[in-house]
Amino acid sequence: MPTASLITTFSITTFEGFEEILSAEITALGGEDVEIGRRVVHCNGDKDFLYRANLNLRTGLRVLVNLTEFTARNEQEMYDQLKAIDWSPLLAKDGNLWIDANTSSDYHRNAVYLSQLFKDAIVDQFRDKTGERPSVSKEEADLRLNLHVTKNDEVSVSLNSSGDGLHRRGYRRKTGGAPINEVLAAGLLLLAGYDGEVPFVDPMCGSGTIVAEAAMIAANHPPGLNRKFGFERWPDFEIELWSSIRQEALDARRRPPHPIVGSDIEELTVSLARISLDRAGVLNYVDLYSQPFDQLQAPRITDKEAGGMLVTNPPYEMRLTTGNIEGLYQMIGDTLKQNWKGYTAWIITGSPEGLKSVGLKTSRRIPLMNGPVEVRYVRYDLYDGSRKGKHLEEE
């Protein structure tokens with residue numbers, strides 16, 4: 001485990017398409033020797049970085065501390081190498097552990113079996129040395145481990161410093177409709193270039209995930225402020241360092257300088273959004289409305305200056321229970337064209353038919369995944385005819 005001064009190698013996972021954004025976040029937090037992979041960013045850092053990364057990363061899924069790598073061509077080699085690691089500095093003999101395994105190996109195909117083999121190696125080592133053994137518990141794990149096996153039977157072992165995935169911000173309990181993942185929502189905002197310096201609107205906010213993430217970005221509010229992390233149960237956890245980093249983040253928060261608006265046609269989902277925003281600590285920064293998109297008023301930068309950013313995740317076929325998809329997206333396009341001049345609008349959708357019905361020219365199209373669904377994240381520049389603010393400029 002890293003100390004405050006010892007340099008350690010990290011692998012921080014993310015969704016495909018967010019690697020560049022995560023790399024920029026890591027660099028801003030002090031990560032060094034940053035290297036981008038597929039759905040992962042590698043870097044070096046110390047314990048200070050470990051704590052900051054878990055608290056502040058918006059597009060990271062897990063912060064893994066790389067422990068060792070080796071090649072194992074069969075089960076015995078795997079077991080022997082795992083048992084050879086000294087686990088006593090990392091876990092008490094009466095502690096709890098949990099193991100997550102994933103594999104693309106043709107030989108080591110069964111991830112559940114690999115987890116069991118890993119557990120056996122650790123338990124047998126403790127039993128041989130002390131006559132006692134740790135237990136297995138996901139909910140009460142003192143140490144969570146990650147085992148990854150490549151197609152070439154190369155094995156990497158890492159410590160999961162995050163515990164539960166970093167998308168579990170702690171603010172979302174009950175949801176309505178089909179809620180978007182918190183890390184995906186934050187990534188959409190950062191891909192769009194949102195930094196809180198213009199008005200923001202989600203006119204189909206559902207249970208409020210996108211607007212909650214937008215409010216946290218605008219308020220410099222750390223996404224991990226209201227949750228616990230795996231490293232807090234490690235033997236070398238430094239409470240004073242963690243408290244100092246957490247207080248520093250608390251002191252850096254601000255009141256957003258521009259309006260943040262969430263709206264939805266369903267009153268129940270708006271009520272759920274209000275609960276989530278309150279738990280996130282950003283309810284006071286957001287204006288919530290229950291009304292159709294075509295009746296929503298666009299906030300302005302000033303009385304004389306229009307403009308801002310709109311990001312939304314409208315229904316598509318599998319989520320649309322009433323009406324027709326083409327009609328919904330035609331309404332979106334007409335409303336954007338008529339009422340939202342000066343704005344940059346971003347829509348994430350899995351409906352090609354819906355996008356065709358918007359009737360506006362896109363300036364960017366980004367392929368992403370929303371869970372198992374292939375989606376497109378598209379941008380519309382809604383010029384007001386008199387100005388072109390920096391938030392409308394092409395990347």
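No lab work stands behind these numbers, since they all come straight from the coordinates. From a predicted model like this one, the values you see are computed outputs, not experimental measurements. Don't worry about glycine lacking a Cβ; one is built from the backbone with ideal geometry, like all the others, and counts go over all protein chains shown.
Miscellaneous remarks
- Pairs of Cα atoms nearer than 8 Å and 6+ residues apart set the relative contact order; for the chain it is 13 percent.
- Highest to lowest packing among 240-253, 265-278, scored as the average C-beta count within 10 Å: 265-278, 240-253
- Between helix 111-130 and the chain: long-axis angle, C-alpha atoms, 0 to 90°, nearest 10: 40
- Pairs exceeding 26 Å between alpha-carbon atoms, taken from Lys304/Lys337; Lys47/Lys151; Lys129/Lys151; Lys47/Lys129; Lys47/Lys93: Lys47/Lys151; Lys129/Lys151; Lys47/Lys129.
- The alpha carbon centroids of segment 253-303 and segment 5-80 are separated by 34 Å.
- Selection from Pro299, Tyr343, Ile260, by position along the positive dipole direction of the chain (Cβ): Pro299
- R0 of 45 Å, Cβ-Cβ distance Glu139-Asp106: FRET efficiency to nearest 0.05: 0.85
- Segment Arg39-Arg300, extension gain: residue separation times 0.36 nm, minus the distance between their alpha carbons: 90.3 nm
- Listed residues Ser271, Ala121, Thr68: farthest to the positive end of the dipole of the chain (Cβ charges): Ser271
- Other-chain or far-sequence residues with amide H under 5 Å of Ile85's (modelled H): none
- Nearest-0.05 FRET efficiency for Leu67 and Arg173, computed from C-beta distance (R0 35 Å): 0.55
- Fluctuation leader among Lys151, Lys83, Lys119 - the chain, Gaussian network, Cα springs under 10 angstrom: Lys151
- Surrounding net charge for His108, when Lys and Arg each add one and Asp and Glu each subtract one, Cβ distance under 12 Å: -2
- Computed extension length for Tyr79-Asp128: 16.2 nm, one decimal, from 0.36 nm per residue of separation with the Cα-Cα distance subtracted.
- DSSP-defined antiparallel bridges as percent of all bridges, the chain, nearest 5: 65
- Rounded to the nearest 5, the antiparallel percentage of DSSP beta bridges internal to segment 8-160 is 75%.
- Reciprocal mean inverse distance between Cα atoms of the chain - Kirkwood radius, Å: 22.8
- Relative contact order for segment 8-160: 25 percent, from Cα pairs under 8 Å spaced at least 6 residues apart, divided by residue count.
- Each Lys and Arg adds +1 at its Cβ and each Asp and Glu adds -1 at its Cβ; summed about the Cα centre, the chain shows a dipole of about 900 debye.
- For Phe200, the residues whose amide H sits under 5 Å from its own are Ile260, Val261, Met309, ignoring neighbours fewer than 5 places away on the same chain, with H placed 1.01 Å from N.
- Mean projected area of the convex hull spanned by the Cα atoms of segment 69-211, taken over all viewing directions: 11.8 nm².
- Under the Debye formula (equal points on every Cα, no solvent term), log10 I(q)/I(0) of segment 1-143 at q = 0.09, 0.12 Å⁻¹: -0.33, -0.59
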